[in-house]
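Here the structure comes first, spelled out in structure tokens, and everything after it is commentary.
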Amino acid sequence: MIGVICGKHDEEIAKELFELFKTPWEFYQEGRDYDVILCTDMSQNITEVDARLIVIYSSEKTQFDSANQIKIEPGVKRAMLEYKKISFPVYGNISTFREKENPLIMTRESNKVAGIEINSGNKKIIRIGFDLFYEISFLLSKGQPEENAHIPTLEIHISMLRNWILAAGIPIVEIPAVPAGYNFTICLTHDVDFIKISQHKFDHTLMGFIYRALISSLRGLLTRRIPLRKLLKNYKAVLSLPFIYLGFIKDFWFQFDRYLEIEKGVKSTFFIIPFKNRVGERVPFKDRKRRATRYDIDDIRDVVQKLIHHGFEIALHGIDAWHSADLAYEELKRIVEVTGQSELGIRIHWLCFDEGSSRILDEVGFNYDSTIGYNEAIGYRAGTTQVFRPLGVKNLLELPLHIQDIALLSPNQRGSTETQAWEQCKNMFHDASEHGGVLTILWHMRSIAPERLWEDFYIRLLSELKNRNVWFATARQAVKWFRLRRTLIFESASFLGNKLYLSLKSDAFEIDPKFIIRVHLPENLKTISGRNSKGYIDFPWNGSKEVEISLN
């Protein structure tokens, strides 16, 4: 059991941290026995607390430092740190220590010690020079800058804490963010910003398409960014435009049926615009007049019903919902009228969002949001692969956006070549295999059509993911799984000999796929089990409240 000592202002973020690191914990109660103490409130006399491991996070000099003659040096705000050759950013204040023995964490640029380990009899104390709860709060509210997008920072914080507990000889039981039988979860999503090129006549969208199809494609061929066959497809598309406008041939931007073919056997989520010709208010980007779309959900009622019939999800591609509860309700009501579904998710068009958006969406009654991501990068804006609850809300969950096609591949958005993009995606698949969670992929409706022609890459992506044994879930399904995981509570957990005894409380008895009970064994206990190549043992949870697990 982990006992947490923190200030009142950190209690909400502490609760959220342990929804992500789902292991037995509670706020510290005097007189209770704990294996681990995690402390950020230095008004407590930590030297009197009895535990096998004490982890102290603080960027300020503490009573513990004075009592143990630890020399602390005020550091800087924001720096890159390194733990076991893993680099990660810290966004708050950092202090360093003059002690050179048993360093755990170092500053990357100045090579100073930012984390130390102290052995005191049968007790181990780890002193870290930053505030963990500030870091988690920053990641889940403000998010990482683009230069650190590739780093799953929050997951690294959890991994470090887990490693320190195991190194102290203490076993860990947790419910990982991984469905039983799978390596991680994938959400395929599509933002439907356009449905037909024929809706655009001599406007910026049409002129931009022709320029990119003719000029940018030629440039791409000359720089070996695209093959000749894609150049020819784009030139053919431009030549076909008169016949599309006359209605003689199919509009090549209308790709709903093609996605149904490509995603046969898996399901995805389509984010649909509620009102056409609405630019939206308070749009913080240039060229804001181009944000209005020429279609809305009323134009594709039959398509929406067809998608729902085949098991796909329809969600809202919001315009003003991010800043106005009244407008959010109006947009929500429009989608509900067409779909007949009341439990809806949302992603804001152009990823508009601010620090008050989550509370507005929560107040209006959205089930989840999936806006937290980047327009010009792929990666982990919130530092995590997990669904989380934004601070200050009651029900809304956030499904972070990780891989967006335009940020990944478009040369206009600093996108990579397909070879480079493939390596970036593989790195993120590796992260998800390592940490669990869900990767959310956004492939726009028109991205498999001319002039982008990213269909082959998308099909290759799906094939690779199928080979990696992932759970393909709609956004609603993934959020429901994580929401039920949040209901699971460890009422008690104890290791006796080679057995683990658990008492669990949850609303998720009928969950599919099931949760896993994961047991991490430290080195001194690994002889109990012969199945520890990964350092842990997994057991699917069958819904029982009382669980007895034999570790051998």
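Structure values in brief
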read-out	value
Given 276/333; 236/264; 123/505; 22/514, the pairs whose alpha carbons are separated by over 20 Å	236/264; 123/505
Cα gyration tensor shape of the stretch 201-248, rounded if a/c is under 1.5, else prolate or oblate by comparing a/b with b/c	oblate
Dipole in debye (nearest 20) - the stretch 42-132, about Cα centre, beta carbon charges: Lys, Arg +1; Asp, Glu -1	280
Angle in degrees between helix 455-467 and the longest Cα principal axis of the chain, rounded to the nearest 10	30
Relative packing of peptides 394-400, 213-219 - highest average C-beta neighbours within 10 Å first	394-400, 213-219
Cα pair count fraction exceeding 40 Å, expressed as % - the chain	30
Residue 223/residue 375 FRET efficiency (R0 22 Å; Cβ-Cβ; nearest 0.05)	0.40
Within the stretch 2-174: Cβ-based charge dipole about Cα centre, in debye rounded to nearest 20 (Lys, Arg +1; Asp, Glu -1)	560
Relative contact order (percent, whole number), the stretch 2-174, Cα cutoff 8 Å, 6+ residue spacing	20
At R0 = 60 Å, FRET efficiency that the Cβ-Cβ distance of residue 467 and residue 66 yields, to 0.05	0.60
Simple spin-label estimate for residue 434 and residue 507 in nanometres, 7 Å along Cα-Cβ	3.4
Unit charges at the beta carbon, dipole of the chain: most positive-side option, 408, 58, 382	408
Cα→Cβ-extended label distance, 7 Å offset, between residue 232 and residue 291, nm	4.2
Per-pair calculated FRET efficiency, R0 = 51 Å: residue 111 and residue 298 via Cβ, rounded to 0.05	0.25
For peptides 286-299, 439-452, sequence by mean Cβ density within 10 Å, most packed first	439-452, 286-299
In the stretch 1-47, the GluC sites (Glu not before Pro) that fall in loop regions by DSSP, at most 16 other Cβ within 10 Å	30
Cross-link partners of residue 534 among lysines (Cα-Cα below 16 Å; sequence separation of 8 or more within a chain)	526
Hypothetical label at residue 246: residues of the stretch 182-211 whose amide nitrogen lies under 17 Å (7 Å Cα-Cβ projection)	198
With eigenvalues of the C-alpha gyration tensor scaled by 5 and rooted, the stretch 62-139, Å	21, 14, 13
Convex hull per residue volume in Å³, alpha carbons only, for the stretch 378-529	172
At most 15 other Cβ within 10 Å, DSSP loop - GluC sites (Glu not before Pro), the stretch 295-377	343, 355, 376
Between helix 153-167 and the chain: long-axis angle, C-alpha atoms, 0 to 90°, nearest 10	30
Separation of alpha-carbon centers, the stretch 63-135 and the stretch 1-59, rounded to whole Å	18
Stokes-Einstein diffusion coefficient of the stretch 2-174, Kirkwood radius over Cα pairs, 25 °C, 0.890 mPa s, in µm²/s	150
Residue 459 versus residue 85: modelled label distance in nm, points set 7 Å from Cα along the beta carbon direction	3.9
Proxy reagent accessibility, fewest Cβ within 10 Å first, across 499, 201	201, 499
Dipole moment magnitude, nearest 20 debye, the chain about Cα centre, only Lys, Arg, Asp, Glu C-beta charged	1920
Helix 11-20 vs. the chain, principal-axis angle (Cα, 0 to 90°, nearest 10)	70
Length-normalised contact order of the stretch 189-271 in % [C-alpha pairs under 8 Å, at least 6 apart]	50
Rg ratio (alpha-carbon, reference 2.2 N^0.38 Å) - the stretch 270-344	1.12
Which of 465, 102, 70, positive extreme of dipole for the chain (C-beta unit charges)	465
Furthest towards positive pole of dipole, 277, 300, 315, structure part the stretch 243-343, Cβ charges	277
Expected 222 nm ellipticity per residue - DSSP helices of 4 or more, -39500 (n - 2.57), all of the chain, to 500	-8500 deg cm²/dmol
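Read the figures in this text as sums done on the coordinates, not as results from a lab. Note that the coordinates shown come from a computational prediction; the quantities given were computed from them, not determined experimentally. Cβ atoms come from the backbone with ideal geometry, glycine included; neighbour counts cover every protein chain shown.
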